[in-house]
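Quick notes on the structure that follows.
The values are calculated or read from the model by the stated rules, or taken from the named source; none is laboratory data. The shown structure was predicted, so the numbers you read here are calculated from the model rather than taken from an experiment. A quick note on method: Cβ atoms are made from the backbone with ideal geometry, for glycine too, and the neighbour counts reach across all protein chains shown. Accessible surface is based on the protein model in full, side chains and every heavy atom, while ligands, DNA and RNA are left aside. Shrake-Rupley method; radii C 1.70, N 1.55, O 1.52, S 1.80 Å.
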Amino acid sequence: MARKVLIVMGSDSDFDQITPAWKVLESLGVAYEVTVASAHRSPERVVALARNARENGFGVILAAAGGAAHLAGVIAANTTLPVVAVPVVVGSLGGVDALLSAVQMPGGVPIASVGIGGARNAGYFAAAILAASDADVEARIESFRSEQAKNVEAQDGRVQAKLGKAGAA
Ligand code: RP5
C-alpha cells in the first residue's frame, strides 16, 4: 500500500504557511494527513505521533514550526522515518531562528530542511522521498517537471517577443 505523508504543525498559527505543502501533495496524488502537535506544549502527543507514524502508514514526516523550531528534531528522535523541517516565518527573527534550529542538529539524529517558508518545496521533497519506492508518484513528478519545463519555454517565448528577437537556443 502507498505510503502517506504526515504533516505536523507546531501551532494552528502555522496553518497558512504550511498549506502549500499539501496543495502540492494533492496535485501529485500523494495521500497525507495534517495535525497540530507542539514539542513543548504537547510533547507526549508529538512523541506518540512520531513513534506510531511508520505503523500508521506514513513514509515521511513534514514538521512546520517557527521560533526555536525543535519540533522536527523531537519527531526525528522518536522515529527512523525521514523528517523534513519547514521553518516558519514568525517572531522577531523572521524564521532565521527556525532555519538554524533545523540545519544545526547535532550528529546522529538527522533532519532535512527546506528554506524559510519553503512549504511548497517540502511537498515536492516529501513526494520525491516516497517516489524512491513508488513508481506512480515518480511518474507524476516526471509529468509535473515536464509541464514546468514547458512553462519556462513559454516564458522565454514571451520575453523574446518583448525583445523582438527569436530564442537563443
Ligand atoms: C511554534 O511557535 C509554532 O510552530 C509557531 O510557529 C510558533 C508560535 O506559535 P503560537 O504562539 O502562534 O501558537 O511552536
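May I ask you to verify whether A48 is without any contact (Cβ under 8 Å) to a residue 24 or more places away in the chain, open to solvent by less than 70 Å² (accessible area, probe 1.4 Å), under 17 Å from the mean Cα position of the chain (by Cα) and more than 13 Å from the ligand (Cβ to nearest atom)?
no
Note on the stretch 31-45: residues that are more than 11 Å from the ligand (Cβ to nearest atom) and either open to solvent by less than 10 Å² (accessible area, probe 1.4 Å) or in a helix (DSSP H, G or I) (or both) total 3.
When we screen V103, V109 for residues that are away from the ligand (no atom under 15 Å from the Cβ) and touching a Ser or Thr at 6+ places or on another chain (Cβ under 7 Å), the only hit is V103.
Within the stretch 69-95, the residues that satisfy the criterion of being under 19 Å from A50 (Cα atoms), within 11 Å of the ligand (Cβ to nearest atom), more than 11 Å from the chain's Cα centre (by Cα) and not in a helix (DSSP H, G or I) are A69, H70.
Tell me yes or no: at least one residue of the stretch 51-70 is of a type in the set (V, I, T) and open to solvent by 70 Å² or more (accessible area, probe 1.4 Å). Scanning the stretch 51-70 turns up no residue that is of a type in the set (V, I, T) and open to solvent by 70 Å² or more (accessible area, probe 1.4 Å).
Tell me, which residue of the stretch 77-93 that is touching a strand residue (DSSP E or B) at 6+ places or on another chain (Cβ under 6 Å) and open to solvent by 10 Å² or more (accessible area, probe 1.4 Å) is farthest from F125 (Cα to Cα)?
Step one: filter the stretch 77-93 for residues touching a strand residue (DSSP E or B) at 6+ places or on another chain (Cβ under 6 Å), giving 81-86, 88.
Filter again for open to solvent by 10 Å² or more (accessible area, probe 1.4 Å), leaving 81-82.
Numbers: L81: 14, P82: 11 Å.
Across the stretch 77-93, the extreme among qualifying residues is L81.
Among the residues of the stretch 1-30, those that are touching a strand residue (DSSP E or B) at 6+ places or on another chain (Cβ under 8 Å), away from the ligand (no atom under 16 Å from the Cβ) and open to solvent by less than 40 Å² (accessible area, probe 1.4 Å) comprise V5, W22, L25, V30. Just checking, which of G115, G164 is more than 27 Å from V47 (Cβ to Cβ) and within 16 Å of the ligand (Cβ to nearest atom)? G115 is the lone residue from the list that is more than 27 Å from V47 (Cβ to Cβ) and within 16 Å of the ligand (Cβ to nearest atom). Among residues of the stretch 104-137 being open to solvent by less than 80 Å² (accessible area, probe 1.4 Å) and free of Cβ contacts under 8 Å to residues at least 12 places away in the same chain, the one that is nearest to L6 (Cα to Cα) is A131.
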